[in-house]
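This report refers to the structure that appears directly beneath it.
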């Protein structure tokens, strides 16, 4: 990076070692979360079997999907406006809380009314009580998501780590308590997860009080209007993207059996572990790009992207090679059918890691609509190929459909990023010899900052 650009980065508080520290803290948190989530998934899969795992996965899929649909892109708007110091924090948070409680609560009431009709179409004969419990968490899930993005925008990385870890930690503790007292059931697993959700919201509110973000809390319709206007451009893409991730599970739940859904959920769980790095780096990159100029982003984002692609390719290759061994070892031979579904899904997981990095950069540049375009194209492909392939190939068809759609998303985002940045394609995708010197410089600066205790 040129000296001028590096000075600009330092003035904005986002020079490369600082970015590395933020990413390292976030990625380390992801590793802990992954470990806890993986242990809980192993426990649930082994004790509930494919059918119980499928039911449990689906009843939480409904509120998570609903939460994303009604979020209106407020979370990404908050990062953009708070990161750029565009509006007072207390007014942004006031709007967010008001919306989460009122809209989240209203939608919850409507969905609870329709619960008796749900199991006629999905997972026939599943207890309505499961849906009543999980759907009731929608307002809390909406608040948790918005608290998360405020902490991200303020770069409270240590607090953000605790905020993210507490849910899976309390969840697994509750699971172990249920297992020690009685055999694990779907109901117990649901209650354990809800206990983690409640612990998370209490910790988030504590951090907000501690940082005085709630001081002078108020709503401001003019700011809320701008928040919606900006966020909605990306919101359609967020909906499309979530459906792109999970529409196959809805289709499997409608066309196949709960056991098939449980088998497929394990393939998805393992495959998506590869996304921990691009997810982490992408979110930090979003906050960074939102606070810097286009020239700095053109210089830094390709370095980040090609580095993440290299690591992701290696991870996908390793998972492909060990999947025949690792799935029956961890989840028992009941889940052997998950192996081929995982192998067919991994190429798409690799392609989509490109989208995860570049889409966040484009949103940070002020082009949230581009993520929506790519996600919509990808979703359309997912639905078409799911309907064509799932009846013929079962869960393997769902994996193949996802890989095709993820490839289309990656190519679309690459085209749009190249259009806005004028960066050469090989600069985005291919590691350069000069990158090694850049890594060494970042690591050296990172170590120096740790010694000076400037990372807190």
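Taking first residues from the range 243-268 that are on the phi > 0 side of the Ramachandran plot and assigned to a helix (DSSP H, G or I) and partners that are at pLDDT below 90 and crowded, with 23+ Cβ neighbours inside 10 Å, no Cβ contact under 7 Å between residues at least 6 apart in sequence or on separate chains turns up.
For the range 73-101, which positions are closer than 12 Å to residue 138 by Cβ and surrounded by fewer than 19 Cβ atoms within 10 Å (Cβ to Cβ)? I'd like the intermediate steps shown before the answer.
First, the residues of the range 73-101 that are closer than 12 Å to residue 138 by Cβ: 100-101.
Across the range 73-101, the qualifying residue is only 101.
For a quick check of your reading: which helices (runs of 4 or more DSSP H) sit entirely within the range 54-166 and have at least 2 residues that are farther than 25 Å from residue 247 by Cα and touching a helix residue (DSSP H, G or I) at 6+ places or on another chain (Cβ under 6 Å)? Before you say what the answer is, go through the steps one by one.
Values: elements: 74-83, 89-118, 128-135, 138-153.
Because the criterion is at least 2 residues that are farther than 25 Å from residue 247 by Cα and touching a helix residue (DSSP H, G or I) at 6+ places or on another chain (Cβ under 6 Å), the helices (runs of 4 or more DSSP H) in the range 54-166 that meet it are 74-83, 89-118, 138-153.
Evaluating residue 22 against the criteria (1) closer than 30 Å to residue 273 by Cα; (2) assigned to a helix (DSSP H, G or I); (3) at pLDDT 75 or above; (4) touching a helix residue (DSSP H, G or I) at 6+ places or on another chain (Cβ under 7 Å) leaves one unmet condition, (3).
In this structure, is residue 201 touching a residue at least 40 places away in the same chain (Cβ under 8 Å), over 29 Å from residue 360 (Cα atoms), part of a helix (DSSP H, G or I) and in contact with a helix residue (DSSP H, G or I) (Cβ under 7 Å, 6 or more places away or on another chain)?
Numbers: touching a residue at least 40 places away in the same chain (Cβ under 8 Å): yes; over 29 Å from residue 360 (Cα atoms): no; part of a helix (DSSP H, G or I): yes; in contact with a helix residue (DSSP H, G or I) (Cβ under 7 Å, 6 or more places away or on another chain): yes.
No: the conditions fail for residue 201.
The combined condition, being assigned to a helix (DSSP H, G or I) and modelled with pLDDT of 85 or more, is not fulfilled by residue 230. Condition check for residue 337 on (1) buried (at least 18 other Cβ atoms within 10 Å of the Cβ); (2) farther than 26 Å from residue 385 by Cβ; (3) at pLDDT 85 or above: one failure, at (2).
Could you please find all residues in the range 127-154 being surrounded by fewer than 21 Cβ atoms within 10 Å (Cβ to Cβ) and farther than 21 Å from residue 69 by Cβ? 127, 128, 129, 154 - these are the residues of the range 127-154 that are surrounded by fewer than 21 Cβ atoms within 10 Å (Cβ to Cβ) and farther than 21 Å from residue 69 by Cβ.
Among the residues of the range 198-234, which ones are over 30 Å from residue 376 (Cα atoms) and within 24 Å of the chain's Cα centre (by Cα)? Those that are over 30 Å from residue 376 (Cα atoms) and within 24 Å of the chain's Cα centre (by Cα): 198, 199, 200, 201, 202, 203, 204, 205, 206, 207, 208.
Just one of 330, 321, 358 is surrounded by fewer than 19 Cβ atoms within 10 Å (Cβ to Cβ), in contact (Cβ under 8 Å) with a residue 60 or more places away in the chain and either in contact with a helix residue (DSSP H, G or I) (Cβ under 6 Å, 6 or more places away or on another chain) or part of a helix (DSSP H, G or I) (or both); which is it? Even if it seems obvious, please write down each step before you answer.
Values: 321 fails: in contact (Cβ under 8 Å) with a residue 60 or more places away in the chain; 358 fails: surrounded by fewer than 19 Cβ atoms within 10 Å (Cβ to Cβ).
Residue meeting the stated conditions: 330.
The sole residue among 315, 371 that is in contact (Cβ under 8 Å) with a residue 24 or more places away in the chain, surrounded by fewer than 21 Cβ atoms within 10 Å (Cβ to Cβ), over 15 Å from residue 399 (Cα atoms) and touching a helix residue (DSSP H, G or I) at 6+ places or on another chain (Cβ under 6 Å) is 315. Look at the range 92-106: where a residue is touching a residue at least 12 places away in the same chain (Cβ under 8 Å) and a partner is not in a helix (DSSP H, G or I), sitting 6+ places away or on another chain with Cβ atoms under 6 Å, you get 93/213; 94/217; 94/218; 94/219; 95/219; 98/219. Only one of the numbered conditions (1) closer than 30 Å to residue 154 by Cβ; (2) crowded, with 18+ Cβ neighbours inside 10 Å; (3) touching a residue at least 40 places away in the same chain (Cβ under 8 Å) is violated by residue 228, and that is (2).
I'd like the full set of residues that are surrounded by fewer than 14 Cβ atoms within 10 Å (Cβ to Cβ) and either in a helix (DSSP H, G or I) or touching a residue at least 40 places away in the same chain (Cβ under 8 Å) (or both), limited to the range 178-190. So that I can check it myself, show each step before the final result.
Keep residues of the range 178-190 that are surrounded by fewer than 14 Cβ atoms within 10 Å (Cβ to Cβ), which gives 180-183.
Result: 180, 181, 183.
Here residue 350 fulfils each of the conditions (1) closer than 21 Å to residue 310 by Cα; (2) out of contact with any helix residue (DSSP H, G or I) (no Cβ under 7 Å at 6 or more places or on another chain) apart from (2).
Report, by residue number, each residue of the range 182-196 that is at pLDDT 85 or above and out of contact with any helix residue (DSSP H, G or I) (no Cβ under 6 Å at 6 or more places or on another chain). I'd like the intermediate steps shown before the answer.
Quick first cut of the range 182-196, residues at pLDDT 85 or above only: 185-196.
Of everything in the range 182-196, those that are at pLDDT 85 or above and out of contact with any helix residue (DSSP H, G or I) (no Cβ under 6 Å at 6 or more places or on another chain) turn out to be 185, 187, 191, 194.
Among the numbered conditions (1) under 19 Å from residue 343 (Cβ atoms); (2) under 15 Å from the mean Cα position of the chain (by Cα), the only one that residue 248 does not meet is (2).
The values are calculated or read from the model by the stated rules, or taken from the named source; none is laboratory data. Since the structure is predicted, the reported quantities are computational estimates derived from the model, not experimental observations. A quick note on method: Cβ atoms are made from the backbone with ideal geometry, for glycine too, and the neighbour counts reach across all protein chains shown.
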